[in-house]
């Protein structure tokens, strides 16, 4: 028998089976969880990959840093090991220079006949920078000889950097000279000496190079380097007084930039200033190399584009080859554009010919210097240049004038007509004949003599053949004096107004 339910127990009805909506809700929840899990999985996978990439980059940087550290330590060890030898060599050189200076002082000054080098060496041994500077600046025509001899002579100095800074101090950083100009006026700068400053600063570089490490270590004392930095700051402050970069002369800019390179005192925060100075003086031959030495290699594309926009394509080509950007800036189209622009810029015929000649010479020199003959043959340019030179020469030839029997031989002026020689007061002038004035009947006789008219001055080499000036007799013209207009401005304080002859 089955058990009978206790009437006191509560019986619960069985749960109804899940409905379709509930099933659909659970299905949607599972789908959302699956998508969320996949999204989180992808996110963490991406993070893991990024961490692996960053870890690899950090490991590469650590390896590079370790390599650089090892190289730097090895370099420092090498410098330290060679320092004692370099100092010994420098001290020995100082002692030798000192002994030679004492010997030269006792023997007296070296004669000019012994050569430029011995003269320069004598000044360097005595540290006589004033006479050294005066000796150099008057020999600009011997520039190539000086360029070879000055570095050797500076090697005889006890302190070459100090010697050069003292020598150029008269004109750099500020020109302190006072002289006379062509009119004899005082307080005027004489002639430019920037070339001499650049020459000495360039010649100083091989003298300061360490004999063991080369250019990696320059022999410049901290005091001299600090003085060089002060000089550079003084020059920078003087820019505002001179009206900015646009008004500074190119030799001054070249001296300043060479000063920075020689002493290694250029700074990253001044790169924009250096770039503007280089662009303003880009036509100087040494500017591309100076730009690279100043740390402007990364800014070269911008400099080249600015030069091209200014119409300085030839200068841009020099910069292009200095940093090897031929693929980015093909030089031949730039040179052709430069030739076309040279013809368009000049309007007058003689200016156009002169401008074209200068442009052709610059392009031919550029083609020869960088071996562009295969891409841009210069034969046609040379023929065009010869044609322009021939035309210029023909224009300068004097025009042949037929001989005149009555041409004055003494001053080149024309002789008067044959009949004019019969008159006592004949006068031949290049001016038009004076107007004839008729006395009015109402005029009264003259009461005083009329002064003689002076002879007209000689014009263009024509003189008067009359032995005496024009005279008027008061008896021949009775009546009141008549005031006639001054002829041609003679006797008047106002200059005569006449058209200049057109030749």
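No lab work stands behind these numbers, since they all come straight from the coordinates. All of these numbers come straight from a predicted model, not from anything done at the bench. Every residue, glycine as well, gets a Cβ built from its backbone with ideal geometry; the counts of neighbours run over all protein chains shown.
Describe numerically, in nm with one decimal, the distance between label points set 7 Å from Cα along Cα→Cβ at residue 21 and at residue 159.
Distance between label points: 10.1 nm.
Between residue 292 and residue 131, how many nm apart are label points set 7 Å from Cα along the C-beta direction?
4.1 nm
With r as the distance between the Cβ atoms of residue 34 and residue 272 and R0 = 56 Å, compute the FRET efficiency 1/(1 + (r/R0)^6) and round to 0.05.
With a Förster radius of 56 Å, E is 0.45.
What is the extension gain from residue 361 to residue 310, computed as 0.36 nm multiplied by their sequence separation minus the C-alpha to C-alpha distance, in nm to one decimal?
Extra length available between residue 361 and residue 310 comes to 16.4 nm.
Grab the beta carbon distance between residue 345 and residue 57, set R0 = 60 Å, and tell me the FRET efficiency rounded to 0.05.
0.65
Is the C-alpha gyration tensor of segment 287-348 telling us rounded, prolate or oblate? Criteria: a/c under 1.5 is rounded; beyond that, a/b larger than b/c is prolate, otherwise oblate.
Prolate is the answer for segment 287-348, as a/c is 1.5 or above and a/b outweighs b/c.
What length, rounded to one decimal in nm, is gained on full extension from residue 384 through to residue 280, with 0.36 nm per residue of separation minus their alpha-carbon distance?
34.4 nm
Kindly identify segment 207-284 as rounded, prolate or oblate by the Cα gyration tensor criterion: order the square roots of the eigenvalues as a ≥ b ≥ c, call it rounded if a/c is under 1.5, otherwise compare a/b with b/c, prolate if a/b is larger, else oblate.
prolate
Run the numbers for residue 143 and residue 84: contour at 0.36 nm per residue of separation, minus the present Cα-Cα distance, in nm.
That works out to 17.5 nm of additional length.
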